[in-house]
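Please read the structure below before turning to the comments.
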Amino acid sequence: MGAKVIRIAGGPEKCRMLTEELGFGAAINYRGEDVLGRLRDLAPQRDRCVLRQCRRRFLDAALGNLRRGARVVIGGAIASYNATELPPGPTCYMSLRIFRASMSGLVVFDYFNCYGEAVARIAEWLTDGTIKSREHVVEGGVARFGETLNMLFTGANTGKLVLAI
């Protein structure tokens, strides 16, 4: 829909998959690159919209590269699902004021009335190749549930993680 999407991933192989196989505009290897520096290289006009679903340090980098009037959307927070304490907030939050940006949460259930339209549109995009999907399927049934679930937290999977029952 006209947006340049920049993903952050752990490792050159995942970055290659994102750009060459899945068609993302760019990918940043957080294990080997300066995230803020690469964001500034890849988006010199600065970010208009940020969907945050990852670690705080990546949010801080994005906040350091905002455009005036930008929107920051907070989505999933899988890294903190098992935390015993609340994770610390962003350290660069003053960028929101400086760039007159806004930050709000996104809960998918708030858009329940749009599910039908979204499913139809996404199915069309998957069919015509506008967007691509990759699955990481683990065979072995329920006996491998714990091991498979842990892959979400270690980054061992590439693509949507599916446990075949």
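Structural remarks
- Subset of region 133-160 that is part of a loop (DSSP other than H, G, I, E, B) and either touching a Cys at 6+ places or on another chain (Cβ under 6 Å) or at pLDDT 90 or above (or both) - its residue that is surrounded by the fewest Cβ atoms within 10 Å (Cβ to Cβ): Glu139
- Taking every residue in region 34-53 that is under 13 Å from Gly64 (Cβ atoms) and in a strand (DSSP E or B) and pairing it with any residue that is open to solvent by 100 Å² or more (accessible area, probe 1.4 Å) and modelled with pLDDT under 90, at least 6 positions away or on another chain, the pairs with Cβ-Cβ distances below 8 Å are Val50/Arg71.
- Failed condition for Trp125, given (1) assigned to a helix (DSSP H, G or I); (2) open to solvent by 80 Å² or more (accessible area, probe 1.4 Å); (3) modelled with pLDDT under 95: (2)
- Of all residues in region 108-165, those satisfying the criterion of being of a type in the set (A, V, I, L, M) and touching a strand residue (DSSP E or B) at 6+ places or on another chain (Cβ under 9 Å) are Val137, Val138, Val142, Leu149, Met151, Leu152, Ala156, Leu161, Val162, Leu163, Ala164.
- Selection of region 99-114 for residues being of a type outside the set (Ser, Thr, Tyr) and open to solvent by 70 Å² or more (accessible area, probe 1.4 Å) yields Arg100, Met103, Leu106, Val107, Val108, Phe109, Asp110, Phe112, Asn113.
- Of residues in region 70-93 being open to solvent by 30 Å² or more (accessible area, probe 1.4 Å) and farther than 25 Å from Thr154 by Cα, the one modelled with the lowest pLDDT: Cys92
- For Glu117, the conditions (1) closer than 18 Å to Glu21 by Cα; (2) open to solvent by 100 Å² or more (accessible area, probe 1.4 Å); (3) in a helix (DSSP H, G or I) are fulfilled apart from (1).
- Looking at Ser102, Ser133, just one residue is small (Gly, Ala, Ser), touching a Lys or Arg at 6+ places or on another chain (Cβ under 8 Å) and within 28 Å of Gly69 (Cβ to Cβ), and that residue is Ser102.
- Candidates Leu163, Leu96, filtered to the one that is in contact with a Lys or Arg (Cβ under 9 Å, 6 or more places away or on another chain) and open to solvent by less than 50 Å² (accessible area, probe 1.4 Å): Leu163
- Single condition Arg67 does not satisfy, out of (1) closer than 24 Å to Leu42 by Cβ; (2) open to solvent by less than 70 Å² (accessible area, probe 1.4 Å); (3) not in a helix (DSSP H, G or I): (2)
The values are calculated or read from the model by the stated rules, or taken from the named source; none is laboratory data. Because the structure is predicted, anything quoted here is derived from the model rather than measured. With ideal geometry, Cβ positions are generated from the backbone for all residues, glycine too; neighbour counts draw on all protein chains shown. Side chains included, ligands, DNA and RNA excluded: accessible areas come from the protein's heavy atoms. Shrake-Rupley method; radii C 1.70, N 1.55, O 1.52, S 1.80 Å.
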